[in-house]
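Please treat every number below as a calculation from the coordinates, not as lab data. Values in this document were obtained by computation on a predicted structure and should not be read as measured data. In this analysis, Cβ positions are derived from the backbone assuming ideal geometry, glycine residues included, and neighbour counts consider all displayed protein chains.
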Amino acid sequence: MAETVVSPEMEKFIASGGPVVEFDDVSIGFEGHDVLSHVSFKVAYGETRILLGPAGGGKSVLMKLANGLIEPDSGEIRIFGRSLREMNEKEIFEMRAHVGMVFQESALFDSLNVEDNVAYRLVEEKVDPKEIRERVLEALRFVELEHVIDKFPSELSGGMRRRVSIARAIISDPDLILYDSPTGGLDPITSTTIMELVIKQRDVSHTTCLLITHRLQDAFTLATHRFNVQDKKVEKIADNGIDPSTKFLVLNEGKIVFDGTTLELTHTKDPWLREYIE
Amino acid sequence: MRFSPEAYAKSIVASVQEYSLLSGRSLANIFSRPRYMADIFTQMDSIGVGSLPIVVLTGFFTGCVLALQAAVSLKEFGAVNMTGELVTLSMVKELGPVLTGLMVSGRNASGMASELGSMKVSEQIDAMRALGTDPTRKLVTPRLVATVFMLFFLTIISDACGIAGGAFVSVTLLKLNAATFFHTGYMSLEHGDVIEGLVKPIFSGFIIATIGCYYGLKTTGGTRGVGKSTTQAVVASSVIIILVDFLVTQAMIGLFGR
């Protein structure tokens with residue numbers, strides 16, 4: 001993918017130095033059961049924030065809250081410095097134009113082929129068809145799936161669907177990418193391919209992102225590897241180095257139990273966290 | 001969990017509110033941009049042209065049965081010649097609109113609920129919203145416009161087929177005169193009857209599309225939930241079509257006096 005083209009309003013926001021995502025005392029429950037309870041955290045511009053935690057801890061709900069797909073019962077969510085509560089429906093749709101989202105089960109449209117799925121957002125924005133075709137090819141080249149452009153989602157493997165979903169999320173050069181378990185349910189080799197794409201996207205476009213994963217191995221791969229632009233390969237950071245822009249957030253039973261850097265996580269004294277990461 | 005009448009009553013009120021909001025929004029979308037014309041035409045083809053065979057067959061055989069049954073009773077009064085009048089009036093005022101509504105409901109309310117339900121449980125609806133598209137505008141409004149528009153014409157076709165079926169039975173089995181059948185049928189119709197028969201599909205089309213989409217969009221619980229939504233959509237739309245048919249008939253009797 002080409003370098004991110006930053007819109008003037010986004011340039012103004014970046015200059016302000018504010019967090020891209022900010023949760024302030026957010027709580028939400030369903031049918032009398034608390035899913036997230038008093039969650040507060042910030043994600044700075046250019047940061048990759050990995051969400052870890054046991055299944056059912058409220059990670060996917062948090063992701064949907066961040067994109068305004070559901071509303072919290074209490075608390076404030078600010079995306080690009082603007083409160084979602086203060087935005088009307090039209091403004092939320094405009095905000096989403098800056099956000100790319102990869103869903104747990106890919107969520108590709110069954111009735112559309114790969115090309116139309118990836119092009120969906122550009123078609124909605126009435127971009128010139130010639131430009132759409134070029135950008136679709138560019139996005140599919142990024143995920144190394146140019147050859148499946150005419151296929152339908154049902155003809156693709158789980159890993160391929162996930163990669164097409166990534167292509168659909170990055171086609172509009174978003175300023176924030178939300179990955180909801182991009183490696184969930186995939187075999188280790190395919191998971192590695194997906195994580196390499198996430199690292200490539202992080203190091204080429206420096207896009208802010210939130211990523212949910214159940215696999216600690218994937219999380220640490222993200223923290224300890226980088227994309228070598230010259231060799232076009234993902235490699236381990238020299239001298240056991242750690243990517244400074246990658247940070248962690250651990251959720252358990254709807255509460256934040258850790259918010260910090262990779263080193264802080266690996267050196268934690270919290271018994272539950274130690275048990276979880278070991 | 002303990003049954004609470006209060007929670008049950010609240011859930012019913014909430015469902016009615018959600019349904020009303022969805023219907024209102026999908027109607028309001030017709031008058032603002034963006035409009036998804038290609039989706040409207042696709043739905044017209046799927047709902048209208050796709051339902052043509054069942055509507056033609058149902059209409060034709062209903063007309064046949066109506067003629068057979070009517071002849072038995074009319075014979076007792078020596079009025080077999082009035083079979084045309086009875087078949088035509090019944091088809092145009094009542095059976096054409098209601099049976100077409102029920103057949104299209106069985107075919108399309110279920111189709112809409114299962115399609116949208118599958119999209120909901122596989123997060124495609126959320127993906128659509130995340131990609132900046134309002135699902136009500138993209139999915140519900142085209143189905144609403146297409147169903148109302150096509151059901152109107154399907155009802156006319158059903159009426160015609162029913163009358164043709166009645167004529168077929170009258171001529172071949174009852175040995176009646178075809179000209180008499182059509183003449184008595186034509187003469188029996190008044191403007192009010194035709195208007196009544198053409199107003200009903202507008203309501204039925206609205207009910208089929210909004211109920212089908214409502215149950216589809218509120219689907220939860222995976223593939224089992226999709227099956228449940230589909231059944232609920234067909235049952236609810238069929239019952240409401242008959243209920244609204246009664247209300248419209250009552251209103252039309254008030255307006256036209258017959």
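Its relative contact order, with pairs defined as Cα atoms under 8 Å and 6+ residues apart, puts chain A at 24 percent. Remark: for residue pairs B:Lys10/B:Lys120; A:Lys255/B:Lys228; A:Lys12/A:Lys247; A:Lys42/A:Lys151, the C-alpha separation exceeds 31 Å in A:Lys255/B:Lys228; A:Lys42/A:Lys151. From its DSSP helices (H runs of at least four residues, each -39,500 (n - 2.57)), chain A gives a residue-normalised ellipticity at 222 nm of -11000 deg cm²/dmol. Please state the shape class of segment B:35-256: rounded when a/c is under 1.5, otherwise prolate if a/b exceeds b/c and oblate if not, all from the C-alpha gyration tensor. Prolate is the answer for segment B:35-256, as a/c is 1.5 or above and a/b outweighs b/c. GNM on chain B, alpha-carbon springs under 10 angstrom: the most fluctuating residue among B:Leu99, B:Leu247, B:Leu131 is B:Leu131.
Other protein chain C-beta atoms within 10 Å of residue C-beta, averaged over A:91-104: 3. Among B:Val140, B:Val92, B:Val49, the largest mean-square fluctuation in a Gaussian network model of chain B, built with springs joining Cα atoms closer than 10 Å, belongs to B:Val49. Here segment B:12-152 is treated with +1 on each Lys and Arg Cβ and -1 on each Asp and Glu Cβ, and its dipole about the Cα centre works out to around 320 debye. Treating the angle as unsigned and between 0 and 90°, give the value, to the nearest 10°, between the Cα long axis of helix B:5-28 and the longest Cα principal axis of chain B. Rounded to the nearest ten degrees, it is 80. For B:Lys175, the lysines whose Cα comes closer than 23 Å to its Cα, not counting residues fewer than 8 places off in the same chain, are B:Lys75. Across segment B:116-220, Cα pairs under 8 Å and at least six residues apart give a relative contact order of 54 percent. Using the alpha-carbon centroid of each, what span in Å lies between segment A:181-248 and segment A:62-111? Cα centroid of segment A:181-248 versus Cα centroid of segment A:62-111: 24 Å apart. Per DSSP H run of n ≥ 4, the term is -39500 (n - 2.57); total these for chain B, divide by its residue number, and report the mean residue ellipticity at 222 nm rounded to 500 deg cm²/dmol. After summing the helix terms and dividing by residue count, I get -26500 deg cm²/dmol.
Scanning chain B for chymotrypsin sites (Phe, Trp or Tyr not before Pro) lying in DSSP loops with no more than 12 further Cβ atoms inside 10 Å, the longest uninterrupted stretch between such sites is B:78-258.
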